[in-house]
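K.L.:
I'd like to ask some things about the structure below.
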Amino acid sequence: MGIKYKLAYIIIFLVVFSCSKKSEKVTTLKEKNLETQMIEVYNQAMKEFERGDVIYAGQKFAEAELLYPQSIWAPRAVLMSAYGYFSQGYYNDAIIDLERFLFKYKNHPQTDYAYYLLALSHYDQIVDEKKDLNEILEAKKNFQIVINNFPNTDYAKDSKYKLDLILELMASKEMYLARYYFQREKWIPAINRFKKVINDYDTTIYVEEALHRLVELHYKIGLVEEAQKYALLLGYNYQSSKWYEASYKLINKNYDVKKIDGSKQSKNLLKKLKTLFK
């Protein structure tokens, strides 16, 4: 009986081992077939992309990714789909693909490109700085990620340039609101908005006008000393501007603003002096 049982165990072991090897071969073959199918679908998507049919191309890229998500071609398919949508102005579809790529394929070698394209997808939707605040903020956030995390790339260089333009847009929005309050004689909200411009957007073209408006507003409500402070700040940094001349004429009867030699001006003086008014 003992020998029979041993023979039975040996036979069972051989059958199981044989089945497992066979299963392994079938699995390997299936994976190879999946990768082959994926590459074929990916190539079809590329052909449609080159023809300009980005909608159908996007569908084929998605199909390729689903066929074999573990392949190196899967994240490439997502990025190509996103770029195709972006190139034809389907920004929301591009954003969906890019956000999924960044969530699903963390630490991918082309993460810098994905963030840059995501920022551009929001940036290119900005039409009116007074209405498109969400797109402005999203573009700003993602350009900043590129600058901070990938500083030595060409994407970072262009992101810095785009970020400067975004800051101009945001300053423009603040100026629009400040002027709105000013025209309706809502002095405190207007003052707060103009202050925000000189505190947060002091590198933009709007800072000179904002300083002058603060001189004008404080003088109008009887806070002459505050008006003089802002006039001094304006004079130190923008003595030759029309806004300084307007401020000087406004308060010159009561306050003699000294002329400052332009050669002695400091680039950082505005940042130092503006802390007096925070």
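K.L.:
Only one residue in V197, V215, V207 is touching a Leu at 6+ places or on another chain (Cβ under 7 Å) and either aliphatic (A, V, I, L, M) or within 25 Å of S121 (Cβ to Cβ) (or both), so which one is that?
P.N.:
After ruling out the rest, the residue left standing is V215.
K.L.:
Pick from segment 227-247 the residues that are touching a helix residue (DSSP H, G or I) at 6+ places or on another chain (Cβ under 6 Å), surrounded by fewer than 21 Cβ atoms within 10 Å (Cβ to Cβ) and within 22 Å of Y180 (Cα to Cα): which of them is modelled with the highest pLDDT?
P.N.:
If we take residues in segment 227-247 being touching a helix residue (DSSP H, G or I) at 6+ places or on another chain (Cβ under 6 Å), surrounded by fewer than 21 Cβ atoms within 10 Å (Cβ to Cβ) and within 22 Å of Y180 (Cα to Cα), then W243 is modelled with the highest pLDDT.
K.L.:
Here is a follow-up. I want to confirm something. Restricting to segment 45-102 and keeping residues that are outside any helix (DSSP H, G or I) and of a type in the set (G, A, S), which single residue is nearest to Y113 (Cα to Cα)?
P.N.:
Among residues in segment 45-102 that are outside any helix (DSSP H, G or I) and of a type in the set (G, A, S), the one nearest to Y113 (Cα to Cα) is G89.
K.L.:
Assigned to a loop (DSSP other than H, G, I, E, B), under 23 Å from A210 (Cα atoms) and in contact with a helix residue (DSSP H, G or I) (Cβ under 7 Å, 6 or more places away or on another chain) - does that describe any residue in segment 113-127?
P.N.:
no
K.L.:
Looking only at segment 82-94, count how many residues are surrounded by fewer than 16 Cβ atoms within 10 Å (Cβ to Cβ) and hydroxyl-bearing (S, T, Y).
P.N.:
Qualifying residue count, segment 82-94: 1.
K.L.:
If R51 satisfies every condition in (1) surrounded by fewer than 16 Cβ atoms within 10 Å (Cβ to Cβ); (2) under 25 Å from E135 (Cβ atoms); (3) free of Cβ contacts under 8 Å to residues at least 24 places away in the same chain; (4) not β-branched (V, I, T) but one, which is the exception?
P.N.:
(2)
K.L.:
Which one of these does E138 not meet: (1) surrounded by 14 or more Cβ atoms within 10 Å (Cβ to Cβ); (2) closer than 24 Å to Y238 by Cβ?
P.N.:
With respect to (1) surrounded by 14 or more Cβ atoms within 10 Å (Cβ to Cβ); (2) closer than 24 Å to Y238 by Cβ, E138 is out only on (2).
K.L.:
Here's a follow-up. Got a sec? Which of L79, L133, L67, L117 is surrounded by 17 or more Cβ atoms within 10 Å (Cβ to Cβ), in contact (Cβ under 8 Å) with a residue 12 or more places away in the chain and under 16 Å from the mean Cα position of the chain (by Cα)?
P.N.:
That would be L117, the only listed residue that is surrounded by 17 or more Cβ atoms within 10 Å (Cβ to Cβ), in contact (Cβ under 8 Å) with a residue 12 or more places away in the chain and under 16 Å from the mean Cα position of the chain (by Cα).
The values are calculated or read from the model by the stated rules, or taken from the named source; none is laboratory data. As the structure is a computational prediction, the values presented were derived from the model and not from experiment. Counting neighbours? That spans all protein chains shown, and the Cβs are built from the backbone with ideal geometry, glycine included.
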